[in-house]
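Undergrad: Let me give you the structure first, and then I'll get to my questions.
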Amino acid sequence: MEMRSSFLSHMLNSCFGDATWLRSVVSATGEVGLLVTDTLPLMPYFWAIVLNEECCKSMEKLFTALAKAECGLGFLAKGEVQRGTRCLAQCDIGDGGSAWNRCWVLEPLGDLGVVFFLDFGRCASVPLNSLRKLDGEQFWEIRPLAQPFMLEE
């Protein structure tokens, strides 16, 4: 799924209140380590996590907070899920594993919802009854780990 810049900006502002930090990736110079989390077939776009000290600290803080809170978070009722809902869902992380991660509902479709996992830059269809409430602002103060990139020739 290709994300147009205006929609991406809307989603990030809706989740985090401010997306000006996104410009910081443009100012990166020299060699930068990237963990590519998603690619778009036949397109020059991809999502990646910039591997630096700041990101590692944010990742540890976020994943520790989510792990502690997850079991105490209630599930959303089907009627509560709408476009733009900030929530928590299980994200496939490879090798048959999954982990609870922050997401934004792109579109509810029947009993499924298309969600965008902000920290991995990927979309998935998940059952609506599997989404957990994630209203606490402390979870949204940490900016997304993944950022969009574009290959240049």
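The values are calculated or read from the model by the stated rules, or taken from the named source; none is laboratory data. Just so it is clear, the structure is predicted and the values come from calculations on it, not from any experiment. Every residue, glycine among them, receives a Cβ derived from its backbone with ideal geometry; neighbour counts consider all protein chains shown.
Undergrad: So for region 29-40 (the condition being surrounded by 12 or more Cβ atoms within 10 Å (Cβ to Cβ) and modelled with pLDDT of 90 or more), does at least one residue qualify?
TA: Pass one, region 29-40, residues surrounded by 12 or more Cβ atoms within 10 Å (Cβ to Cβ): 34-40.
From what is left, the residues that are modelled with pLDDT of 90 or more are none.
No, region 29-40 has no match at all.
Undergrad: Then there is this: How many residues are modelled with pLDDT of 90 or more, within 20 Å of Val50 (Cα to Cα) and of a type in the set (A, V, I, L, M, F, W, C) if we restrict to region 91-108?
TA: Matching residues across region 91-108 total 1.
Undergrad: Taking region 118-138 as the region of interest, how many residues are touching a Leu at 6+ places or on another chain (Cβ under 7 Å), at pLDDT below 95 and not in a strand (DSSP E or B)?
TA: Selection size over region 118-138: 2.
Undergrad: From (1) touching a residue at least 12 places away in the same chain (Cβ under 8 Å); (2) surrounded by fewer than 19 Cβ atoms within 10 Å (Cβ to Cβ), pick out the condition that doesn't hold for Gly113.
TA: The failed condition is (2).
Undergrad: Could you check, for region 54-68, whether at least one of its residues is crowded, with 16+ Cβ neighbours inside 10 Å and over 16 Å from Ile142 (Cβ atoms)?
TA: Within region 54-68, none of the residues are crowded, with 16+ Cβ neighbours inside 10 Å and over 16 Å from Ile142 (Cβ atoms).
Undergrad: Which members of region 133-146 meet the condition of being buried (at least 19 other Cβ atoms within 10 Å of the Cβ) and either within 20 Å of Gly74 (Cα to Cα) or polar (S, T, N, Q) (or both)?
TA: Leu134
Undergrad: Determine which single condition Gln147 fails, assuming it passes every other condition in (1) within 12 Å of Leu12 (Cα to Cα); (2) at pLDDT 90 or above; (3) outside any loop (DSSP other than H, G, I, E, B).
TA: Just one mismatch for Gln147, condition (2).
Undergrad: Across region 76-101, what is the number of residues that are β-branched (Val, Ile, Thr), under 15 Å from the mean Cα position of the chain (by Cα) and within 16 Å of Leu134 (Cβ to Cβ)? Quick ask: steps written out before the conclusion?
TA: Initial filter on region 76-101 (β-branched (Val, Ile, Thr)): 81, 85, 93.
If we keep only those that are under 15 Å from the mean Cα position of the chain (by Cα) as well, we get 85, 93.
Within this subset, residues satisfying the condition of being within 16 Å of Leu134 (Cβ to Cβ) are 85.
The number of residues fulfilling the criteria is 1.
Each row is one residue, and each column tells you yes or no for (1) touching a strand residue (DSSP E or B) at 6+ places or on another chain (Cβ under 7 Å); (2) modelled with pLDDT of 90 or more; (3) within 16 Å of Leu145 (Cα to Cα).
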| residue | (1), (2), (3) |
| --- | --- |
| Trp47 | yes, no, yes |
| Val50 | yes, no, yes |
| Glu54 | no, no, yes |
| Leu88 | yes, yes, yes |
| Gly110 | no, yes, no |
| Phe116 | yes, yes, yes |
